[in-house]
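Structure, as structure tokens:
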Amino acid sequence: MRNQTVAFSKDSSNLFFHILTRCNLSCSHCYINREQHGDQTLPIDTIRDWLGIFSPKANQTNLVLLGGEPTLHPDLHLAVKEARRLQFKSITIDTNGYLFHDILEKITPDLLDFLSFSLDGATRNTNDAIRGKGCYDAVLSGIKKARERGFACSMIYTVSDKNIHELTQMPALVQKLDVDRFFIQVIGMRGESSTSSSQTPRALQVSKDSWLEIIPQVAEKIAAQGIIVTYPKVFLSNDEAFQCAGNVAKNYFVFPNGRVYQCPICEDFPLHSHEIHDNHLVAMPPINETDLFKLTIPEGCVMNKMIQPANLAYRADGRPRHKIACCMLKQELLP
Ligand code: SF4
Ligand code: SF4
């Protein structure tokens, strides 16, 4: 098994394209912020045009189509076909499992690299308490249908204090469901997680000890079953160098109102580095996220310190106990 940190590269790009922000669920940790991201459903012609903006480097770009819930878009299948025509390096749809508009009937497995399902608990009770009643069953039946039709499936498990205790049950579940990839995410203090009065960010965030004790172990167990596992590094050891992806990689988070961010932690603020105008990517004037990427601080990620400082800890002399990695720095286990 190979266990490696995925280095940032200028030659590889990720395009996270939110084609709408509407959703049938209202997960307690939802990061969609309609005040900042708009509530439009992009017409298919606009989706085609915007994919075209990124098409000169399509063969180096991993495309993720997401929402809201992207399968609520009646023309999602046409967006997938256009992305394939433009030869994006990989095409993924992130879904909450409901698979609206018979999406599996309208595309074929060769058009899509992964259909990625979000599940936030190994049991119905835990998942549905976070994501909504009926969601657990929708995900399990959605994966079953997709696998029967030959689609490659992945799963995203967003870890918080509410569900970390069930992560150890996931190796058995993912094996039963026959998924090809498993992504562990960390709860982000954005959108609902940062505003809900009933759950403070500190209460939702997982401690460093729990993270380091549970995540690598579960990841190894799942990878040992032949499944590729990816999880964020979060904490850097003293000998690991910090890099901000905003300075050394090309990641674009595109929203229906035309905002384009390079750092997902900035998404609750009008700090986006670009906007799409008349089908062109236009750089925003200072101050925007790119001005923050340049700041060097002993805590590592500057946006983490500003937005979600609950995961920082300091020694008596004021030095940080650990550096926080870029949220896009991943550890990957290849069986
Ligand atoms: S987290 Fe995803 S599935 Fe849940 S409400 Fe938000 S957009 Fe919908
Ligand atoms: S998460 Fe932090 S380190 Fe990564 S791009 Fe954003 S500001 Fe930079």
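The values are calculated or read from the model by the stated rules, or taken from the named source; none is laboratory data. Here the structure is a predicted model, which means the values were calculated and not measured. Note that each Cβ is placed from the backbone with ideal geometry, even for glycine, and that neighbours are counted across all protein chains shown.
Selection of first residues in segment 6-33 that are farther than 22 Å from Ile187 by Cβ and of second residues that are more than 16 Å from ligand 2 (Cβ to nearest atom) and of a type in the set (Gly, Ala, Ser), restricted to Cβ pairs under 6 Å at least 6 apart or on distinct chains, gives the following pairs, ordered by first then second residue: Leu20/Gly67; Leu20/Gly68; Arg22/Gly68. Among the residues of segment 244-287, those identified as assigned to a loop (DSSP other than H, G, I, E, B) and either among the hydroxyl-bearing types (Ser, Thr, Tyr) or closer than 18 Å to Ala325 by Cβ (or both) are Cys244, Ala249, Gln262, Cys263, Ser273. Taken as a whole, the structure places Lys323 among residues that are more than 16 Å from ligand 1 (Cβ to nearest atom) and within 30 Å of Ile228 (Cα to Cα).
Residues are listed down the side, and each one gets a yes or a no for (1) of a type in the set (A, V, I, L, M); (2) within 16 Å of ligand 2 (Cβ to nearest atom); (3) touching a Cys at 6+ places or on another chain (Cβ under 9 Å); (4) closer than 14 Å to Leu177 by Cβ:
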residue	(1), (2), (3), (4)
Phe88	no, no, no, no
Ile93	yes, no, no, no
His101	no, no, no, no
Lys106	no, no, no, no
Asp110	no, no, no, no
Leu119	yes, no, yes, yes
Ala122	yes, no, no, yes
Ile130	yes, no, yes, no
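Set side by side, the residues Asn62, Asn96 differ, and just one is modelled with pLDDT of 95 or more, away from ligand 1 (no atom under 16 Å from the Cβ) and within 21 Å of the chain's Cα centre (by Cα), which is Asn62. Only residues that are among the aliphatic types (A, V, I, L, M) and away from ligand 1 (no atom under 16 Å from the Cβ) were counted in segment 65-93, giving 6. Restricting Glu240, Glu332, Glu299 to those that are surrounded by fewer than 16 Cβ atoms within 10 Å (Cβ to Cβ) and farther than 28 Å from Gly38 by Cα reduces the list to Glu240.
Among residues of segment 268-282 being exposed (fewer than 11 other Cβ atoms within 10 Å of the Cβ) and free of Cβ contacts under 8 Å to residues at least 40 places away in the same chain, the one that is nearest to ligand 2 (Cβ to nearest atom) is His277.
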